[in-house]
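Let me begin by presenting the structure, written as structure tokens, before commenting on it.
The values are calculated or read from the model by the stated rules, or taken from the named source; none is laboratory data. Given the structure is predicted, the values throughout are model-derived calculations rather than measurements. With ideal geometry, Cβ positions are generated from the backbone for all residues, glycine too; neighbour counts draw on all protein chains shown.
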Amino acid sequence: MVLTDPAHRRRGFARRLMEHLIEALAERQVDWIKLDATEAGAPLYREFGFEAECAVERWGSVAAQVRGMPSLSWPGWRLGLDREAFGADRAQLLGMLAPLGAAAVGDEGYAMARPGSKAAYFGPCISRGPEAAVELLTWFLAGHRGEPVYWDLLPSNVEAVRLARAGGFAPQRRLVRMARRGRPGAAPLDHDDSQAFAIAGFEFG
């Protein structure tokens, strides 16, 4: 995330931070750099070679009184499934988020949940299909009955949008996911957005 205090904007601080960030990632030979940009930030990122990849939306609701909370286990990582959907290794991030709340439906999908300053957060959620995603969403909602909740999703995943609407969620904010090569000649980053039912957050991707 790139945040500038309102009193110090338009002085080039965000640009200098981005220059430093891109240089540091180039030294680490990172193949791809991604971010979720606001409308205000997108022009700056385009100057650095970032291109729009897809839209990202925040949906919100108040968790319904869900009955029959399923018993969902978390016996271990779902790193293969996550990498297939996201396109990169997120083991370190998932290891940080899992203790805050995580569940899995066999080998079909997993989801995580965490508290927030304004609402409980659903995501990431990676699932091979909507059936497992429904179970994972039910698990999340049952744990936050009556609370405000957020769900960041890719609107290109029509099944995720359908589930969000059916669950009483409504769109609140829209960003654009942008990407650039971290080094020349880096191979395209394969990912499967149809399996991404919730992202990890605007700050995590």
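Data overview
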quantity	calculated
Residue ranges of helices (runs of 4 or more DSSP H) in the stretch 87-205 with at least 2 members modelled with pLDDT of 95 or more	130-142, 158-166
Set R90, R128: member being of a type outside the set (A, V, I, L, M, F, W, C), more than 23 Å from Q172 (Cβ to Cβ) and in contact with a Gly (Cβ under 7 Å, 6 or more places away or on another chain)	R128
Pick from the stretch 21-48, criterion touching a Gly at 6+ places or on another chain (Cβ under 7 Å) and part of a helix (DSSP H, G or I), ranking: farthest from L154 (Cα to Cα)	A26
Looking only at the stretch 188-205, and only at residues there that are farther than 22 Å from T38 by Cα and touching a residue at least 12 places away in the same chain (Cβ under 8 Å), the one that is surrounded by the fewest Cβ atoms within 10 Å (Cβ to Cβ)	D190
Residue match in the stretch 1-13 (condition: surrounded by 13 or more Cβ atoms within 10 Å (Cβ to Cβ), free of Cβ contacts under 8 Å to residues at least 12 places away in the same chain and under 24 Å from the mean Cα position of the chain (by Cα))	yes
Any hit, the stretch 125-132, residues being more than 30 Å from D5 (Cβ to Cβ), of a type in the set (V, I, T) and touching a Phe, Trp or Tyr at 6+ places or on another chain (Cβ under 8 Å)	yes
Which listed residue is free of Cβ contacts under 8 Å to residues at least 40 places away in the same chain and either over 30 Å from L44 (Cβ atoms) or surrounded by fewer than 19 Cβ atoms within 10 Å (Cβ to Cβ) (or both), from G185, G109, G101, G168	G185
Filtered residue count, the stretch 110-139, keeping only those that are among the aromatic types (F, W, Y) and either touching a Leu at 6+ places or on another chain (Cβ under 6 Å) or farther than 12 Å from A198 by Cα (or both)	1
Residue in the stretch 60-80 that is outside any helix (DSSP H, G or I), touching a Phe, Trp or Tyr at 6+ places or on another chain (Cβ under 8 Å), at pLDDT 90 or above and surrounded by 14 or more Cβ atoms within 10 Å (Cβ to Cβ) present	yes
Residue that is among the acidic types (D, E), in contact with a strand residue (DSSP E or B) (Cβ under 9 Å, 6 or more places away or on another chain) and in contact (Cβ under 8 Å) with a residue 60 or more places away in the chain, where the choices are E131, E159, E147	E147
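The rows are residues; the columns are (1) in contact with a helix residue (DSSP H, G or I) (Cβ under 8 Å, 6 or more places away or on another chain); (2) within 21 Å of L81 (Cβ to Cβ).
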position: A111; (1), (2): yes, yes
position: R183; (1), (2): yes, no
position: D193; (1), (2): yes, yes
position: A196; (1), (2): yes, yes
position: I199; (1), (2): no, yes
